[in-house]
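Read the structure below first, then the notes.
No value in this document is a laboratory result; all are computed from the given coordinates. The structure displayed is predicted, hence computed values, not measured ones. All Cβ positions, even for glycine, are placed from backbone atoms using ideal geometry, and neighbour counts span all protein chains on display.
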Amino acid sequence: MPMEYDRKYRGIIISGLSAASVLGVLTALRVFQLEPSVAVQSRIVQVGIALLIISQSYLIFHGETLSNSWLYTFGPTFGFTLNLFITTSTMSLYLKILYPLASAVIVTSVIWAVSYSIAMAARVL
């Protein structure tokens, strides 16, 4: 298998695993009624976004493909939005999947754009 395919599949696998991890942890917290307060949840989300931006900036700076870096960010973002929409809505199943998917694409694109800007600024400096 050519190296180009290995990089593409690596992005898909990492994205899927990170989505499953985020969704699994959030679901477990809810099932076992261990959800932290809203202030703590907000801080966790802020730290998570900061870590995504830092890791993506690093990967882009060191030559990671743009599609893979976007996919790496999409996984945890989709896991979070899926968990958020599924538990708080009474919509049909299709909308419970479509809304988190659309939200994750938007949030991922914003996080990726910030990461890309930081990486390009670091290259110039």
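How would you rank ARG123, ARG43, going from fewest to most other Cβ atoms within 10 Å of each one's own Cβ?
ARG123, ARG43
Looking at the calculated P(r) for region 73-112, what percent of the C-alpha pair distances fall above 17 Å?
That fraction is 22 percent.
Below 8 Å between Cα atoms, with a sequence gap of 6+, how large is the relative contact order for region 3-124 in percent? Please report the intermediate quantities before stating the final value.
Working: 107 pairs, mean separation 44.6, N = 122.
That works out to 37 percent.
Quick one: among TYR94, TYR58, TYR72, which has the greatest mean-square fluctuation in a GNM of the chain with alpha-carbon springs under 10 angstrom?
In the Gaussian network model the winner is TYR94.
What is the gain in length, in nm to one decimal, between VAL40 and ASP6 on full extension, counting 0.36 nm per residue of separation less the C-alpha to C-alpha distance?
So the extension gain works out to 8.4 nm.
Can you list residues whose amide H is under 5 Å from GLU64's amide H, if they're 5+ apart or on another chain and H is modeled 1.01 Å from N?
Correct list: empty.
Which ordering of THR27, THR73, THR90, THR81 is given by a fewest-first count of other beta-carbon atoms within 10 Å?
Sorted ascending by nearby Cβ count, the order is THR90, THR27, THR81, THR73.
For the chain, what does the equivalent ellipsoid look like in terms of its semi-axes, each the square root of 5 times an eigenvalue of the Cα gyration tensor, given largest first in whole Å?
Numbers: eigenvalues 153, 62, 35 Å².
Over the Cα atoms of the chain, the semi-axes work out to 28, 18, 13 Å.
Just to be sure I understand: with springs between alpha-carbon atoms less than 10 Å apart, which residue in ALA19, ALA104, ALA39 has the highest mean-square fluctuation in the Gaussian network model of the chain?
Comparing ALA19, ALA104, ALA39 in the GNM, the peak value goes to ALA39.
Would you list PHE80, PHE32, PHE61 from fewest to most Cβ contacts within 10 Å?
PHE32, PHE61, PHE80
Each residue of region 102-115 in order: what ³J(HN,Hα) in whole Hz does its phi give by Karplus 6.51 cos²θ - 1.76 cosθ + 1.60, θ = phi - 60°, with x for Gly and Pro?
Those phi angles translate into 5, 4, 5, 5, 5, 5, 4, 5, 5, 4, 5, 4, 5, 4 Hz.
Evaluate Rg over Rh across region 1-72, taking Cα atoms for both radii and Kirkwood's formula for Rh.
Details: Rg = 15.4 Å, Rh = 14.0 Å.
Expressed as Rg/Rh, it is 1.10.
Sticking with the crude label model, points 7 Å out along Cα→Cβ, report the distance from VAL124 to ARG30 in nm, one decimal please.
In this crude spin-label approximation the distance works out to 4.2 nm.
Would you work out the charge dipole size for the chain about its Cα centre, treating the Cβ of every Lys and Arg as +1 and the Cβ of every Asp and Glu as -1, and quote it to the nearest 20 debye?
60 debye
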